[in-house]
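Heads up: the structure comes next, in structure tokens.
Only the coordinates and a few stated rules stand behind these numbers; no lab work does. The shown structure was predicted, so the numbers you read here are calculated from the model rather than taken from an experiment. As a convention, Cβ positions derive from the backbone with ideal geometry for all residues, glycine included, and neighbour counts pool all protein chains shown.
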Amino acid sequence: MSNSTSSTSSSTAAPTGRAILAKDIKVRNEDGTVVVVWADGHTSVIPITRLRAYCPCAVCQGHGSAVVTKIDNTCKAIFAADLVGRYAIHFKFADAHDTGIFRWDTLRKLDPAEVERWGPPEESLRERG
């Protein structure tokens, strides 16, 4: 993987389907980030504190809540990252929290460089129903 933390795209449309598929994921505890290379060529650099802040688990977000809650935290490391099938990843955070499963679309929407495309997490991660 290259050291580039962003990629260029000729389209401003949000990726869908196979484009929101992670090809490579690296946890970089030394700088407190997770780097994801996507099938569409985009590279996301997501701060671990941001991942922990928007953990999608029921403990953090509630059961069936339509509101996305940001959890204040100082967690800057991940002890383990395990794939969940072909659709998600499970992180074990350094603060002992380990119940969240991050679907690929959730992970992509947490990329700070893509807020303009998706909107803030409080809006983009809200369940549509």
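According to the square roots a ≥ b ≥ c of the eigenvalues of the Cα gyration tensor, what is the shape class of the range 42-129, taking rounded for a/c under 1.5, prolate for a/b larger than b/c otherwise, and oblate for the remainder? It is rounded, given that a/c, with a ≥ b ≥ c, falls under 1.5. If a/c stays under 1.5 just call it rounded; otherwise compare a/b with b/c (prolate if a/b is bigger, oblate if not). Do that for the range 61-105, with a ≥ b ≥ c from the square roots of the Cα gyration tensor eigenvalues. The shape class here is oblate. Model label points for residue 23 and residue 67, set 7 angstrom from Cα along the Cα-to-Cβ axis, are 4.1 nm apart. Determine which aspartates and glutamates satisfy two conditions relative to residue 70: a Cα distance under 13 Å, and not lying fewer than 8 residues away in the same chain. Counting by Cα, and skipping residues close in sequence, residue 70 has these aspartates and glutamates nearby: 122, 123.
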